[in-house]
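This report refers to the structure that appears directly beneath it.
The values are calculated or read from the model by the stated rules, or taken from the named source; none is laboratory data. The structure displayed is predicted, hence computed values, not measured ones. Methodologically, a virtual Cβ is constructed for each residue, glycine included, from the backbone with ideal geometry; neighbour enumeration extends over all protein chains shown. The protein model used for the area step is the full one, side chains on, heavy atoms only, and it has no ligands, DNA or RNA in it. Shrake-Rupley method; radii C 1.70, N 1.55, O 1.52, S 1.80 Å.
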Protein chains: 2
Amino acid sequence: QNYLLAANYIEDARFGRTMDYNIDKESLLNYRRYSRRLLQWGTVIFMWWLLLIGLFEDPAVPGLALPYWATMLMEVFCLVVICLRMYQLSTFVPRRSLLTDPKNIVIALTIVVTVMDMIIYIGMINSPLKGSAIRVSRVVRPLFMINMNESRQVRRAFRNIRNTVPEIINVLILFFFSIALFTLLAFKLFQLRDLYYRGGEPYFRNYWDSFFDLYVLVTTANSPDVMMPAYDDSPWFALFFIAYIVINTYIFMNLFLAVIYNSYRAHLKTEIRSAVLWKRKKLENAFEILKDTMPGEKEAVTYNSWIMVMKNLTYPPSFPKISLFWEVLHNRNADGGIELKQFLQLANLMNVYVVEDQSAVNIFVKWAPEVYASRPSKFVRKCVQHWTFVYLFDLLILMNAVCIAFDWESTEWFFLSIFIVEILLRMYTLGPKEYFSFSRFWNWFDFIIITSAFIATVIEASLDELAQFPREALDFLMVMRCLRLVKIVGNIDRFRIIVMTIVNIAPSLLTYGIVLLMLYYAFAIVGMECFGGKIKFTPNTTASENNCNNTKLEGSEFLRMGYCNNNFNDILHSLVTLVELTVVNQWHNILLSYSLVTSKAARVYFIFFHLIVVILIMNIIVAFVLEAFILEYQLSKTTIETAVEKTIQQLGLNSNDHIADVNHDKTELINEFDVGDNDQYSGKREPHRKETPKIRFRINQGHKNIEVLLQRMFEGELEGEGFEFANAEEPMTLDGVTGNSVTV
Amino acid sequence: QNYLLAANYIEDARFGRTMDYNIDKESLLNYRRYSRRLLQWGTVIFMWWLLLIGLFEDPAVPGLALPYWATMLMEVFCLVVICLRMYQLSTFVPRRSLLTDPKNIVIALTIVVTVMDMIIYIGMINSPLKGSAIRVSRVVRPLFMINMNESRQVRRAFRNIRNTVPEIINVLILFFFSIALFTLLAFKLFQLRDLYYRGGEPYFRNYWDSFFDLYVLVTTANSPDVMMPAYDDSPWFALFFIAYIVINTYIFMNLFLAVIYNSYRAHLKTEIRSAVLWKRKKLENAFEILKDTMPGEKEAVTYNSWIMVMKNLTYPPSFPKISLFWEVLHNRNADGGIELKQFLQLANLMNVYVVEDQSAVNIFVKWAPEVYASRPSKFVRKCVQHWTFVYLFDLLILMNAVCIAFDWESTEWFFLSIFIVEILLRMYTLGPKEYFSFSRFWNWFDFIIITSAFIATVIEASLDELAQFPREALDFLMVMRCLRLVKIVGNIDRFRIIVMTIVNIAPSLLTYGIVLLMLYYAFAIVGMECFGGKIKFTPNTTASENNCNNTKLEGSEFLRMGYCNNNFNDILHSLVTLVELTVVNQWHNILLSYSLVTSKAARVYFIFFHLIVVILIMNIIVAFVLEAFILEYQLSKTTIETAVEKTIQQLGLNSNDHIADVNHDKTELINEFDVGDNDQYSGKREPHRKETPKIRFRINQGHKNIEVLLQRMFEGELEGEGFEFANAEEPMTLDGVTGNSVTV
């Protein structure tokens, strides 16, 4: 049982879990069952499904509508799954912390509200009140996504955003004060001048309308329009508006960004610090359980305990890996076990993605060594590795671009086959395993694009004679053809660095993407309830006769621009409309039309959306992107080598008998990062490879990435506070990007 | 002569001058004459005048037009002034460095080009070619502003921007590649679908027009419009546009910001480092000249040399100040002179604004001590210092706001007199000198606003009976009345901090403001030559009959929006139009109309403007503002006290006999920063003040501020490189913000 507990602690540290649980055997086993990946992913899928029900519910996406009992059945099913998970939680978490944990309370409340809402809805829909039945609780669905234990990163992001709010309140108040003051001034200056907008609307004749106009000006959405009547009246009024834009748009908006950046960063740092502390605490707990007193009064984990605890992990590693970890961690000099300092590195070490070196196992070498080593084969491989090969294909891609531009369909087969041959040749040279290795982004990209284009083309060709080919499929084919041109970027070093920077921070941005999506979802539900069906799009109407099925819009800018499709009639249209509002331009026209068809109170919804999503969330995302870009960009240009060296040294792998390998692999690593270029190296490497079977370390780039990125952001600062990042965290995290591999 | 040279070196260090000059006596005197403030400011005024000639030249601002010979006379005059300055320069700068300095070459070339252009223009205007005579050289006028020695900060900013360009080229190419690829895709997808914009223009039917539409979409200026036809055709096309916006608007634009931020910061750091090195080198040179060998083999500056060199400065300080500096710098323990380490601090010390403590000299105490100390007087002073006094006036301001909003003109005299009484009471309590002391931003603000309102109101009242009062003056009065409401911000601590942050970085932003203005000027001149007179605004036309005096615009969005005033007909209108282009919204409609009235080539001008001003310069300004805000905001919240303490200690002022004063003044300092609150303190302070006459240090906040800010930005990083900022630079610069005062 002790080994079980220690194993649990180790896994907690490894996956960053911070839950509190009972330590009797049954609870531990329950906890383990609860933490199984399958169940976790299953729950995540059900949470997404719960959100997706929005597609089928009234107002449903056209063609997907289901009767209300069907969607409710789905919803009940999802709720049951969530309840089961909560029950599972209650089998091992102490009652006290179960009931006081705010996230559990929120989930329980959300379930209760949802169930009550469903009952009321069913009651209403079967009564005369049918028309006014609405499903209020749909808006709280994202709370599951935020509060379940499965989505730790999203919850953390939300918590940070919530903590950031109080600090921007002051700036926000001052900002509104500034707008109010400018509005008063504008109101006083223009009120008596009897000016009109081009459309005939009165100009600054009412305080709150003026306030709204100037608020919109902050977003620049009505930029010269709001100025023109005054400017036409007297050129000097331009000064008023320029002062307004400088102060409110440029200074206050940047102040928002600065304050948000500052405070968000501070909160994030606290979070990361506590995460690191948790990790350490869990590992210390595990060490306390496992330690034995070794000769020389030192406390350490013996080999036997080590094997036992590793065997007790939920997913025990293979024996070579267990030995490898032991080799890395145990104290070689004293012939002892693993001491505390080394033990604290275990979580990071286990997150290093370890595979036996499979690149040596070139399938062609294995199955037809004579052929592969023959002269024509060598010649082909040499050609593929030559730099002219790359340039030749760059040229072909350019020619392909020209052909696409001029619609020379007949060349398509030629280019497609050429590119397939290219992939096959590269695969032959590198070996398929090496070709598809984890960090080779461009190979994957290439393969997927070309293969799907090939399949689609074949299908198209075969169907073409039988029946009409659907237009969407042709569009897809066109997208694939154009995407092929992106290959050229992967062939040019300096562009590849930029693209890899973007690709590397993409997984981290995903967390913020989910945050944004949850907010969109809630706003979309509210929008559908408030504005659903008020504005309808009718295809194939001419501009003049179209009025979005609502006569109140007559003469509005919205109608003139043909925005009828920017409606809240189903969840997909709502999301697109919300994206448009996020982009900001013309948001005031969308707002105005919805306040025309409902009431002026509709402004609250749109202004709220703007404040929360555009000013708060987008600024946080910009701050995050800025920091991540700067970090990655600097890193990709300079510090890779030293970071790798540090890892090697720190893992104790640079003892004398390894030096040759280490040096060799250093060059390889750098080329693993500059993914396309190392064909030359791998060519030379192969004979060497065959002699010594190796094990490779490689970081699992997947789900840990935002954690890795965040830790890296603060490692410099946290180091100063006594965290031994240099020994414990840093090198591991640095390698996260480089797809670092080390041989032993 | 040696003292003269040393004095020159000291002043070079003090003002950050890096010029190379001959060291014979005549040259030194010439150099000194050249560096006189009067001449420098005179030159700056002439340079601005040269730019302002744009107001009077054809196409002139209506009402300001002057005949061409008058403006040319003005121009020649400015050029003569510049030539004289260049001649002055040649009297002390070695011929070699004079002729190889790029900025001198640029100025010489600019003068030659301008003169030639003027001759050609005169020739053409008196010939049959009159119509096509243009003044090409006007566009290079900002070059004087950038390259003259008087505008070091602007030149530095420009140099940094120039150095930043090569590093963003890669991202720029990739960005355009991305747009081109998306355009190809959009073109292929929509070309055959026979779609039209609402206005009837064909939709994605031509590659370059499509490219332009998508480029505009990056700026979000045509955000939903460009999507609507495709979205109406099939909702799935929204995905294409969302992908486009995410990649190009959000990711690439932020990547630009990140790369620019990164590289701009690196260049700035290099500049600051070299500036600090120059300063040190100059001071070392001065020390080399002045040093004597003291007892104990130490090299130091004796008291006599010190007095001599100080007397030789261009603006020798008063004797108490010279003694004060000596006290601060010389080695007290060894009874010796000033050693090198202390001497290197001289430049910073001299930039500390030193005044004899004038706050003790409350004029009322001086002239009527009995009255001031009498009981009613004390009661009044106590009232003014009470917190209710502040709240009472906050309330009055709010009431005033209500009265302004509802146009209760009759209350104006009441409020005006109330606020005048407030100012007088505060002045009485603090003493006028203290009231108007340098760092009391809010007092100054108060005084200026109320006084100008008072004067304007009096003038209005007296003129009202005589004649019609001009409307502009009434507007001015209204502005003053509304600005009065800003006072309330100064009374609330947490808002005051934010406003002071903005006020503190404002002078630094001025440099970037000038950079922007120079670019605007050049673009405005080009714009006037290309587009001047093509689009005219006629006041008082109805929307339907107005066509901006150009039939080519018929049916354009530009006309419908009533943008005729956004033209390039004179320099002021051009500048306003360029500001609108900087704000970005609707810039494509302005562009389209100008390409309608001229040719498609007009797009080049606008896209160039967008790339240079919006993407490059505005991003640099945003980066700078972000960094400065974060710096100031953190500083204003935390580190003031320690910074002040450090200065005090470091200046050697905390010897035992001063401790009482130091402690006393520390509380004062903090209140000096929180400007409004220290009435209580100054009340208590007065008796103490009268006993010991003191000298105050106060930083000159004026023209050095961007330098101070920049040095502070990098001090942490430069410290690590062996610069002794902790001893030499940092405390001084930190005080720049706090209006720090120290008593000795």
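Between their Cα atoms, which of A:Lys188/B:Lys552; A:Lys298/A:Lys321; A:Lys130/A:Lys536; B:Lys279/B:Lys321; A:Lys536/A:Lys600 are more than 31 Å away from each other?
Violating the 31 Å limit, Cα to Cα: A:Lys188/B:Lys552.
Shape call for the range A:115-209 from the C-alpha gyration tensor, a ≥ b ≥ c root eigenvalues: rounded (a/c under 1.5), prolate (a/b greater than b/c) or oblate?
Because a/c hits 1.5 or more and a/b fails to exceed b/c, the range A:115-209 counts as oblate.
Where the centre of each part is set by its Cα atoms, how far does the range A:275-306 sit from the range B:255-291, in angstrom?
51 Å
Give A:Lys378/A:Lys487; A:Lys311/A:Lys433; B:Lys378/B:Lys433; A:Lys366/A:Lys433; B:Lys378/B:Lys487 a once-over and call out the pairs whose C-alpha atoms are over 24 Å from each other.
Correct reply: A:Lys378/A:Lys487; A:Lys311/A:Lys433; B:Lys378/B:Lys487.
Would you mind computing, in nm to one decimal, how far apart the modelled labels at A:Lys366 and B:Ser410 are, each placed 7 Å from Cα along Cα→Cβ?
10.0 nm
Residues of the range B:123-160 with backbone nitrogen within less than 19 Å of a virtual label 7 Å along the Cα-to-Cβ line of B:Ala266, please, listed as ranges.
B:157-160
Going by accessible area, probe 1.4 Å, with all protein chains left in place, what is the ranking of A:Thr501, A:Thr538, largest first?
Correct descending sequence by accessible area is A:Thr538, A:Thr501.
When a/c is below 1.5 the answer is rounded, else prolate if a/b is larger than b/c, else oblate, so apply that to the range A:46-190 with a ≥ b ≥ c taken from the square roots of the Cα gyration tensor eigenvalues.
Oblate, because a/c is 1.5 or more while a/b does not exceed b/c.
List the accessible area buried at the contact between A and B, summed over both sides and calculated with a 1.4 Å probe, in Å² to the nearest 100.
Counting both chains, the buried surface is close to 8100 Å².
Looking at the P(r) of the range A:503-630, how many percent of alpha-carbon pairs lie beyond 21 Å?
Summing the P(r) of the range A:503-630 above 21 Å gives 43 percent of all pairs.
What net charge is computed for the residues neighbouring A:Glu299, neighbours being all others with C-beta under 10 Å from the C-beta of A:Glu299, Lys and Arg scored +1, Asp and Glu -1?
The answer is -2.
Skipping prolines and chain starts, which residues have an amide H placed within reach, meaning under 5 Å, of the one on B:Asp292, given they are 5 or more residues away or on another chain?
Sorted by chain and number, the residues that satisfy this are B:Ala300, B:Val301, B:Thr302.
Inside 10 Å of the C-beta atoms of B:578-585, what's the mean count of C-beta atoms belonging to other chains?
Mean number of neighbouring Cβ atoms from other chains: 6.
Take the alpha-carbon centre of the range B:399-445, take the same for the range A:508-573, and report the distance between them in whole Å.
Centre-to-centre (Cα) distance: 51 Å.
Return the FRET efficiency for the residue pair A:Leu129, A:Glu472: r is the Cβ-Cβ distance, R0 is 56 Å, and the value is rounded to the nearest 0.05.
Efficiency computed from Cβ-Cβ geometry: 0.85.
Which value in nm describes the separation of the simple spin-label points at B:Arg560 and A:Ile169, placed 7 Å from the Cα toward the beta carbon?
About 4.5 nm, to one decimal.
Want the number for A:Phe436 to A:Asn491: 0.36 nm per residue separation, take away the alpha-carbon distance, what's left?
18.1 nm
Mind grabbing the accessible area of A:Leu631 for me, 1.4 Å probe, Å², rounded to tens?
Its accessible surface works out to 40 Å², give or take rounding.
Using a 1.4 angstrom probe with every protein chain in place, what is the largest-first accessible-area order of B:Asp101, A:Asp407?
From most accessible down to least: A:Asp407, B:Asp101.
Mind checking B:198-210 for the average number of partner chain beta-carbons within 10 Å of each residue's beta-carbon?
Average per residue, whole number: 1.
Which chain B residue puts its Cβ closest to the axis that rotates B onto A, and at what distance in whole Å?
B:Asn585, 3
Report the FRET efficiency, 1/(1 + (r/R0)^6), for B:Cys383 and B:Ile448, where r is their Cβ-Cβ distance and R0 is 25 Å, rounded to 0.05.
Plugging the Cβ-Cβ distance into 1/(1 + (r/R0)^6) gives 0.50.
I'd like the FRET efficiency for A:Ser599 and B:Leu510, computed as 1/(1 + (r/R0)^6) with the beta carbon distance as r and R0 of 51 Å, rounded to 0.05.
For R0 = 51 Å, the calculated efficiency reads 0.65.
So how much accessible area does B:His267 have, in Å² to the nearest 10, using a 1.4 Å probe?
For B:His267, solvent-accessible area is about 40 Å².
Which whole-Hz couplings ³J(HN,Hα) result when phi for each residue of the range A:447-454 is put into the Karplus expression 6.51 cos²θ - 1.76 cosθ + 1.60, θ = phi - 60°, listed in order with x for Gly and Pro?
4, 5, 4, 5, 5, 5, 4, 4
Considering every residue in A:562-569, what mean count of other chain Cβ atoms within 10 Å of its Cβ is obtained?
Neighbouring Cβ atoms belonging to other protein chains average 4 per residue here.
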